[in-house]
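Novice: Below you'll find the structure I mean.
The values are calculated or read from the model by the stated rules, or taken from the named source; none is laboratory data. None of the values given here were measured: they were computed from a predicted structure. Every residue, glycine as well, gets a Cβ built from its backbone with ideal geometry; the counts of neighbours run over all protein chains shown. SASA here: full protein model, heavy atoms, side chains in, ligands and nucleic acids out. Shrake-Rupley method; radii C 1.70, N 1.55, O 1.52, S 1.80 Å.
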Amino acid sequence: MSEYPPIADHGIVGDLQTAALVAADGTVDWWCTPRFDSPSVFASLLDSDRGGFCRLAADVGDDATVRQLYLPDTAVLMTRFMAPGGVGEVVDFMPPDPSSTPSARHRLIRVARVVRGSLPFELTCRPRFDYGRAPHGLTRTDDGSVLFRGPGTDLRLQATAPVELHPDGTDVSARFTLEAGQSAAVVLTSDSGGAGGADGPGGPADGGTPSLDGILADFRACTRFWLEWLRSCRYRGRWHEMVVRSAITLKLLTYAPTGAPIAAATMGLPEQVGGERNWDYRYTWVRDASLSVRALIDLGFTAEANAFRRWLRARLDAGGTESGEPLQIMYRVDGEPHLTEEVLDHLEGYRRSAPVRAGNAAADQIQLDIYGEAAYALAQAEDIGSVRGWSAFVRVIDWLADHWDRPDEGIWETRGGRQNFTYSRLMTWVAFDRAVKLATAHSRPGDVNRWTDARDTVLRQILERGWSEKRRAFVQHFDTEVLDASLLLMPKVGFLTPTDPDWLTTLDAMDTELVSDSLVYRYDPAASPDGLRGSEGTFNLCSFLYVEALARAGRLHQARYAFSKMLTYANHVGLFAEEIGPSGEQLGNFPQAFTHLALIDAALALDEELDRVEGRAR
């Protein structure tokens, strides 16, 4: 087992309420349950000694060649071990639970099998509850299964023959050999209901031994779920495999009971190894989720888009924050606004990147752009909600009309003081613009004249103060000459056309200052201090936004070249973290929803523009 595998050396499995990461050596080194934002059971990704893990792999030392892949068009992950004595596989999946009811029980199923020859396997299960802070007990049951008892959550470990579980203190291990055609299953069932045990096929409530027939039924049902879900996908473009993998990843990162997507499955993974930019991304950002709506609709996943809009409307109806803001920038998946940030100083962090933070203090920041993104999401549907829901939206826009002209922390959640960020102004323009259009198109009441005046005032302010005549570009905020890649969204939201002369010179300036071999930095922290030490990699979201902007500007050769290069940075199963480091390594939380959303948008834009050019040629 690698002490700290590269961030990119992982696949993700999930059941639409929680998710686990499986390293390429067969180690589950990250799993929080019963929800994405719950304390961890396995977290050796953040501390190889204290975090806990479950490893199931061929026991052949360094003699095996290991490969990992997804079964096509599913979230079923396979890790293959090819050794001199045979070829074996470990198949990992979680039975999906798409219901609207939160579940206290979640199953992670691991199936070992040999397809050629004979291979020995090793199982090691070392759970560490509550981010490794809480001790646990171990109980051996009459049927041979094991129950780890933790605070608030129990974990049952069951196995089929020939696996025999051997307690080792409060941990468990097993060694067994399989011949060609033989299989064995290991079932991990978390239970936060206090009863322990497992239910459903393959894990009966009485704690009996799971059957291979039951596990096979689970496997077939899981595969069928993903194949049937993808039938809604309308994408038939040039990058089908990558777009479908990104869509499945977005689905895996969405909490089914509420329809709220999280930013990433992990917390604490560094933007610079050894640095302090280590954040908790297991929450729902209004910005990220709102910008996903258009892509979901374009792909054909209208149910997911509508579910998030219902979640968003509920936040608008909730009455605002204690500080008087109508919306908070992020929430827990159930809409809970309290995300108190704490430092887990008992964890050393990924490759000793400390501090490890749980919770996110940025939830208390003022980021005015979220109102534009929320309006952008609500404007994507024919159904704009109930009359009462519209009244809540009107209250928000009226509030924004009184408060838009002030500094904030901005999209990148800087901790170096508030500024008049151009992107924040851009999205307040979007909020007023969409409110005017919605009220007019649907004959809904609202102070349209006031909103129109505010929209036009914001536009003039951006042109006058957010534009640098020296740089011939729009800049990060009103008191700087620094560029900012968030402004790549300017043409996408309709503030100006993709071929506007001022936009093209801005794109040229970004190409010179922020782009490195198709990879795009958010901004230059040295030129625009953000209150944090160290540096960071290029930002995958921005790299894909850059591709989309190039495509819409008619620079198709450059756009396609940049997109093709970006795809080479995907990991072995098509997943992206938040950033790319100096040597091409993936950095930051993993996998990141915003990156996969931007990949989809870039592919859709490229397809559309290439089809248009090819149509004219024909």
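Novice: Given segment 39-115, what strands (runs of 3 or more DSSP E) lie entirely inside it while holding 2 or more residues that are modelled with pLDDT of 95 or more and more than 22 Å from the chain's Cα centre (by Cα)? So that I can check it myself, show each step before the final result.
Specialist: Numbers: elements: 40-42, 53-58, 65-70, 77-83, 86-93.
Answer list for segment 39-115: 53-58, 65-70, 77-83, 86-93.
Novice: Considering (1) of a type in the set (Val, Ile, Thr); (2) out of contact with any Ser or Thr (no Cβ under 9 Å at 6 or more places or on another chain); (3) closer than 13 Å to PRO39 by Cα, say which one THR153 fails and leave the rest.
Specialist: (2)
Novice: Next question, about the same structure. Tally up the residues in segment 77-106 that are open to solvent by less than 30 Å² (accessible area, probe 1.4 Å), closer than 30 Å to ARG35 by Cβ and out of contact with any helix residue (DSSP H, G or I) (no Cβ under 6 Å at 6 or more places or on another chain), please.
Specialist: Residues that pass the stated criteria total 9.
Novice: Let me ask another. Is it true that ILE370 is closer than 21 Å to ILE297 by Cα and at pLDDT 95 or above? Give the steps one after another, and end with the answer.
Specialist: Details: closer than 21 Å to ILE297 by Cα: yes; at pLDDT 95 or above: yes.
Yes; evaluated as a whole, the condition is true for this residue.
Novice: Specify which of the listed residues (ALA303, ALA314, ALA295, ALA307) is farther than 28 Å from VAL356 by Cα, in a helix (DSSP H, G or I), open to solvent by less than 10 Å² (accessible area, probe 1.4 Å) and not acidic (Asp, Glu). Spell out the reasoning first.
Specialist: Values: ALA303 fails: open to solvent by less than 10 Å² (accessible area, probe 1.4 Å); ALA314 fails: open to solvent by less than 10 Å² (accessible area, probe 1.4 Å); ALA307 fails: open to solvent by less than 10 Å² (accessible area, probe 1.4 Å).
So the residue among ALA303, ALA314, ALA295, ALA307 that is farther than 28 Å from VAL356 by Cα, in a helix (DSSP H, G or I), open to solvent by less than 10 Å² (accessible area, probe 1.4 Å) and not acidic (Asp, Glu) is ALA295.
Novice: Separate question: Would you call ARG460 at positive phi, modelled with pLDDT of 95 or more and open to solvent by 20 Å² or more (accessible area, probe 1.4 Å)? Steps first, please.
Specialist: On the way: at positive phi: no; modelled with pLDDT of 95 or more: yes; open to solvent by 20 Å² or more (accessible area, probe 1.4 Å): yes.
Answer is no for this residue.
Novice: With the condition kept exactly as written, say whether any residue in segment 472-492 is buried (at least 17 other Cβ atoms within 10 Å of the Cβ), among the small types (Gly, Ala, Ser) and out of contact with any strand residue (DSSP E or B) (no Cβ under 7 Å at 6 or more places or on another chain).
Specialist: Here is the first cut: in segment 472-492, the residues buried (at least 17 other Cβ atoms within 10 Å of the Cβ) are 473-478, 480, 482-492.
In the following step, the residues that additionally are among the small types (Gly, Ala, Ser) were identified as 473, 485-486.
Restricting the remaining residues to those that are out of contact with any strand residue (DSSP E or B) (no Cβ under 7 Å at 6 or more places or on another chain) gives 473, 486.
Yes, segment 472-492 contains a residue that is buried (at least 17 other Cβ atoms within 10 Å of the Cβ), among the small types (Gly, Ala, Ser) and out of contact with any strand residue (DSSP E or B) (no Cβ under 7 Å at 6 or more places or on another chain).
Novice: Counting only residues that are open to solvent by 40 Å² or more (accessible area, probe 1.4 Å) and not in a helix (DSSP H, G or I), how many does segment 418-445 have? Step through it out loud before you land on a result.
Specialist: So the first thing to find is which residues in segment 418-445 are open to solvent by 40 Å² or more (accessible area, probe 1.4 Å), and the list is 418-419, 437, 440-445.
Among the residues that remain, those that are also not in a helix (DSSP H, G or I) are: 418-419, 443-445.
Here the count works out to 5.
Novice: Out of the residues in segment 340-365 meeting the condition of being hydrophobic (A, V, I, L, M, F, W, C) and more than 20 Å from ALA19 (Cα to Cα), tell me which one is most open to solvent (accessible area, probe 1.4 Å).
Specialist: Start the filter on segment 340-365 by keeping residues that are hydrophobic (A, V, I, L, M, F, W, C), which leaves 343-344, 347, 354, 356, 358, 361-363.
Then keep just the ones that are more than 20 Å from ALA19 (Cα to Cα); that gives 343-344, 347, 354, 361-363.
On the way: VAL343: 79, LEU344: 3, LEU347: 7, ALA354: 52, ALA361: 44, ALA362: 1, ALA363: 6 Å².
Top of the filtered list is VAL343.
Novice: Take the residues in segment 372-391 that are of a type in the set (A, V, I, L, M, F, W, C) and touching a residue at least 60 places away in the same chain (Cβ under 8 Å), then tell me which one is surrounded by the fewest Cβ atoms within 10 Å (Cβ to Cβ). Reasoning before the result, please.
Specialist: Initial filter on segment 372-391 (of a type in the set (A, V, I, L, M, F, W, C)): 374-375, 377-379, 381, 384, 387, 390.
Restricting the remaining residues to those that are touching a residue at least 60 places away in the same chain (Cβ under 8 Å) gives 374-375, 377-378, 381, 384.
Numbers: ALA374: 27, ALA375: 24, ALA377: 23, LEU378: 23, ALA381: 14, ILE384: 19.
Filtering first and then ranking leaves ALA381.
Novice: So, of the residues in segment 142-154 that are out of contact with any Gly (no Cβ under 9 Å at 6 or more places or on another chain) and closer than 13 Å to VAL186 by Cβ, which turns out to be modelled with the lowest pLDDT?
Specialist: GLY144
Novice: Among what's in segment 320-339 and is open to solvent by 20 Å² or more (accessible area, probe 1.4 Å) and in contact with a strand residue (DSSP E or B) (Cβ under 8 Å, 6 or more places away or on another chain), pick the residue that is farthest from LEU296 (Cα to Cα).
Specialist: Top of the filtered list is PRO337.
Novice: Scan segment 119-158 residue by residue and report those that are closer than 29 Å to GLY61 by Cβ, of a type in the set (A, V, I, L, M, F, W, C) and open to solvent by less than 20 Å² (accessible area, probe 1.4 Å).
Specialist: Selection gives LEU119, PHE121, LEU123, CYS125, VAL146, PHE148, LEU155, LEU157.
Novice: Scanning for something part of a helix (DSSP H, G or I) and either at pLDDT 95 or above or more than 28 Å from SER323 (Cβ to Cβ) (or both), does segment 468-477 turn up at least one residue?
Specialist: Scanning segment 468-477 turns up no residue that is part of a helix (DSSP H, G or I) and either at pLDDT 95 or above or more than 28 Å from SER323 (Cβ to Cβ) (or both).
Novice: Now for a separate question. Taking the condition of a type in the set (Val, Ile, Thr), open to solvent by less than 10 Å² (accessible area, probe 1.4 Å) and either over 11 Å from ALA549 (Cβ atoms) or within 26 Å of the chain's Cα centre (by Cα) (or both), does VAL520 pass? Please lay out each step first, then the result.
Specialist: Values: of a type in the set (Val, Ile, Thr): yes; open to solvent by less than 10 Å² (accessible area, probe 1.4 Å): yes; either over 11 Å from ALA549 (Cβ atoms) or within 26 Å of the chain's Cα centre (by Cα) (or both): yes.
Yes; evaluated as a whole, the condition is true for this residue.
Novice: Which one is surrounded by the fewest Cβ atoms within 10 Å (Cβ to Cβ), of the residues in segment 250-292 that are on the phi > 0 side of the Ramachandran plot and modelled with pLDDT of 95 or more?
Specialist: As a first pass, look at segment 250-292 and keep what is on the phi > 0 side of the Ramachandran plot: 259, 268, 274.
Now narrow it down to the ones that are modelled with pLDDT of 95 or more: 259, 268.
Values: GLY259: 22, GLY268: 25.
So the residue we want is GLY259.
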